[in-house]
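Notes to accompany the following structure.
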Amino acid sequence: MTATEQRTGDFSRMQIGGDPGTVFESLASAIGARNAIEIGTFTGYSALSIARGLGPNGKLICCDVSEEWTAIAREHWQLAGVSDRIELVIAPALET
């Protein structure tokens, strides 16, 4: 069990696995995407993968309503060196 799974308990099933993360990163890179939006961020693994695929000049906007879960996401993004590519908006996606 990973540290994130321990912190999120039963909610950890909402997290994508490593293979989908690799696919997200590869697709963003393959199509040359420079901007993306994610609705529902949870602990940020999919956002981290997309941000890597966008490259150093890319921009990802993430919309979520949970300060609790996205605090974990911010930690992951910082450790992965992609926090400068991600703008997190704490609000319902329809309002952003």
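The values are calculated or read from the model by the stated rules, or taken from the named source; none is laboratory data. Predicted model, so just to flag it, every value in this text is computed and none were measured. Backbone-built Cβ (ideal geometry, glycine too); neighbour counts: all protein chains shown.
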Qualifying positions in region 28-37 - within 15 Å of the chain's Cα centre (by Cα), surrounded by fewer than 18 Cβ atoms within 10 Å (Cβ to Cβ) and of a type in the set (A, V, I, L, M): Ile37
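Out of everything in region 41-73 that is surrounded by fewer than 16 Cβ atoms within 10 Å (Cβ to Cβ) and not β-branched (Val, Ile, Thr), what residue ends up being nearest to Glu25 (Cα to Cα)? Show your work before the answer.
As a first pass, look at region 41-73 and keep what is surrounded by fewer than 16 Cβ atoms within 10 Å (Cβ to Cβ): 55-57, 59, 65-68, 71.
Adding the requirement that they be not β-branched (Val, Ile, Thr) leaves 55-57, 59, 66-68, 71.
Details: Gly55: 10, Pro56: 13, Asn57: 15, Lys59: 13, Ser66: 24, Glu67: 25, Glu68: 25, Ala71: 22 Å.
Result: Gly55.
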Any pair with Cβ under 6 angstrom, 6 or more apart, that starts in region 70-90 at a residue that is part of a helix (DSSP H, G or I) and ends at one that is surrounded by 20 or more Cβ atoms within 10 Å (Cβ to Cβ) and of a type in the set (Asp, Glu): Thr70/Asp64
The one condition in (1) modelled with pLDDT of 95 or more; (2) out of contact with any Phe, Trp or Tyr (no Cβ under 7 Å at 6 or more places or on another chain) that Thr8 fails to fulfil: (1)
